[in-house]
Each structure stands twice: as structure tokens, then as C-alpha cells.
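K.L.:
Sharing a structure here in C-alpha cells format.
The values are calculated or read from the model by the stated rules, or taken from the named source; none is laboratory data. For clarity, every value in this text was computed on a predicted model and none was experimentally measured. Quick reminder, even Gly has a Cβ in these numbers, built from the backbone with ideal geometry, and neighbours come from all protein chains shown.
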Amino acid sequence: QDIKPMRDQIVRVKRYEKVPLILVGNKVDLESEREVLSAEGRALAQEWGCPFMETSAKSKTMVDELFAEIVRQMNYASLPEKQDQCCTTCIVQ
């Protein structure tokens, strides 16, 4: 299954361009059965502007790091957008 249309579909459903997104290659412990090269995953993640991680639940490879990154992404997404500081005014009397 081609994953490239997935980001656009997620953005369309969420109606927000900056949806927290992490591209994850799973089952990295099964190297002999690999279908997607790491370089392909990294390139797509760079195109999408998101992190790329490879994990394995079986060998517990990068699982904790993935959950930490999920939390970081969610916290970042919940921050209010910064306004342009040059255009704010404060009057003290």
C-alpha cells in the first residue's frame, strides 16, 4: 500500500495543516523481510516535515523513544501559535 497519500488524508480529516505526525517503520527486527529502505522512510519524513523512527515492539527497539516523541509532538501541537511580537502594543498609565 502506498503511504504517500496518507498525510494529505490525515490533514484533510483533521482540517489542520500542522497535525502532529511521526513516520514509523515497524518490525525493524525483521531485516530480511524489509520492504522499505531506511533512506526511503527518512526521505518521505523530510518531505512531510516530520520525524522518522524505526521500531520493533518484539525487541523493544526505540519503543520508549517513540512514545517520548509522540508526547513531544502532542505538546508542541497544543502550544498556542506565537503572534508577531513586533505588532503588539502595551499601554501603561
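K.L.:
Might you let me know whether segment 16-24 holds any residue that is modelled with pLDDT of 90 or more, charged (D, E, K, R) and out of contact with any His (no Cβ under 9 Å at 6 or more places or on another chain)?
P.N.:
no
K.L.:
For segment 1-35, give me each residue that is in a loop (DSSP other than H, G, I, E, B) and among the charged types (D, E, K, R). Break it down into steps so the answer makes sense when it comes.
P.N.:
Looking only at segment 1-35, we keep the residues that are in a loop (DSSP other than H, G, I, E, B), and these are 1-3, 15-22, 26-30, 34-35.
Once the filter is applied, which keeps residues that are in a loop (DSSP other than H, G, I, E, B) and among the charged types (D, E, K, R), segment 1-35 yields Asp2, Arg15, Glu17, Lys18, Lys27, Asp29, Arg34, Glu35.
K.L.:
Please go through (1) hydrophobic (A, V, I, L, M, F, W, C); (2) surrounded by fewer than 12 Cβ atoms within 10 Å (Cβ to Cβ); (3) touching a residue at least 24 places away in the same chain (Cβ under 8 Å) for Val13 and return the number of the only condition it doesn't satisfy.
P.N.:
Of everything listed in (1) hydrophobic (A, V, I, L, M, F, W, C); (2) surrounded by fewer than 12 Cβ atoms within 10 Å (Cβ to Cβ); (3) touching a residue at least 24 places away in the same chain (Cβ under 8 Å), Val13 misses just condition (3).
K.L.:
Taking segment 36-78 as the search range and keeping residues that are among the hydrophobic types (A, V, I, L, M, F, W, C), within 16 Å of the chain's Cα centre (by Cα) and assigned to a loop (DSSP other than H, G, I, E, B), which one is modelled with the lowest pLDDT?
P.N.:
Ranking the candidates gives Cys50 first.
K.L.:
Same structure again: What pairs come out if I take residues in segment 27-49 that are under 16 Å from Met6 (Cβ atoms) and pair them with residues that are assigned to a loop (DSSP other than H, G, I, E, B) and at pLDDT 90 or above whose C-beta lies under 6 Å away, six or more apart or interchain?
P.N.:
none
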